[in-house]
Amino acid sequence: MIGDVHVHSRFSGDSDADPEEVVQRAIRGGLPQLCFTDHIDWDFPVEDMVFDIDFAEYFSTLSALRDKYRGEITILIGVELGMQQHLGPRYRKLLAEYPFDFAIGSQHLVEGMDPYYPETFEGKTDAYIYRKYFEETLQNLRKFHDFDSMGHLDYIVRYGKQRRRSYNCRDYADVIDEILKLLVKHNIALELNTAGLRKQVGAPNPHPDILRRYRELGGTLVTVGSDSHKSHTLGFAFDTAGEILKACGFTHYVYYVKRQPKFVRL
Ligand SMILES: [Zn+2]
Ligand SMILES: [Zn+2]
């Protein structure tokens, strides 16, 4: 992969990585390109977790790094938008206001809760919450689809009581198919997020069967990101990611500059 296009820094409420250190680490690791995608998750339901960004500061900091390290690495500026039913108009305004290279849309909530916290699964089966998660993703996607890549679809299986052991993506194929068809219809990429490989989930998010199905339904746009919140996980398992994509029938992956896809052969 020529770049990592899902990377967090201290501009995200859940990361304290210094952006310059991230850039230097990427250069040392031989990554030609990096796209910062810090979190916006307005109205996040967890007290003391605020996912908001001062975008003037974000752009001035990252643009300065882009200029300072020009010739060593290409720095792109993106954002990861946490989807909720009411946020579409605010996100559209934000995307129009700033010159983003790339926008990821991600579902981080289920039943109004952050699944990172085990209470989400209390008294419920993993299967019930997994299905809810996909259904809510679909509902949100119907309302807001002005982003470039769908982040870590099936992220929920990182947090179930039994993680992957209770997960077979075919059990949710009816809902997942609807999501994938909408992505294809709106020309939205599907992200292969390698954090699942790192977090002992044993597979990327989403599962390769879902990537394969997106391809079958006519999807050709895939992005690859590590979802790093610390600089040492940049570019994690990208060789494996390339192999998975080829096995799923893709010939190219994409990255985005000024919200336009650039194709790179696998
Ligand atoms: Zn995310
Ligand atoms: Zn992320």
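Key figures
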| item | result |
| --- | --- |
| Residues Asp52, Asp16 arranged by fewest to most Cβ contacts within 10 Å | Asp16, Asp52 |
| Added length on full extension, which subtracts the Cα-Cα distance from 0.36 nm per residue, Lys246 to Ser166 | 26.1 nm |
| When each of Lys161/Lys199; Lys230/Lys258; Lys68/Lys93 is checked by Cα-Cα distance, pairs over 21 Å | Lys230/Lys258; Lys68/Lys93 |
| Cβ-based exposure ranking for Ser9, Ser15, in which fewest neighbours within 10 Å come first | Ser15, Ser9 |
| Rounded to 5, the percent of DSSP beta bridges in the chain classed as antiparallel | 25 |
| Dipole magnitude of segment 131-266, debye to nearest 20 (Cβ charges: Lys/Arg +1, Asp/Glu -1, about Cα centre) | 240 |
| Length gained when the stretch Lys185-His86 is fully extended (0.36 nm per residue, less Cα-Cα span) | 33.4 nm |
| Estimated [θ] at 222 nm from DSSP helical runs (n ≥ 4, -39500 (n - 2.57)) normalised by residues in the chain, nearest 500 | -10000 deg cm²/dmol |
| Cα centroid separation - segment 62-126 against segment 212-237, whole Å | 15 |
| Most mobile listed residue (Glu216, Glu80, Glu97) in the chain, GNM with C-alpha springs under 10 Å | Glu97 |
| Spin-label pair His232/Ile2, simplified geometry with 7 Å Cα→Cβ offset, distance in nm | 3.0 |
| Linear extension gain, Lys262 paired with Glu97, 0.36 nm per residue minus alpha-carbon span | 57.1 nm |
| Sites Ser63 and Glu135 - FRET efficiency at Förster radius 41 Å, r taken between beta-carbons, to 0.05 | 0.55 |
| Compactness index (Cα Rg / 2.2 N^0.38 Å), segment 3-265 | 0.94 |
| Segment 74-182, dipole about Cα centre (Lys/Arg Cβ +1, Asp/Glu Cβ -1), debye to the nearest 20 | 160 |
| Counting DSSP beta bridges with both ends in segment 1-139, the antiparallel % (nearest 5) | 10 |
| Listed residues Ser231, Ala64, Ala241: farthest to the positive end of the dipole of segment 3-265 (Cβ charges) | Ala241 |
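Quick note: the coordinates plus some simple rules give every number you see, no bench work behind them. Everything quoted here is computed from the prediction, not taken from an experiment. Note that each Cβ is placed from the backbone with ideal geometry, even for glycine, and that neighbours are counted across all protein chains shown.
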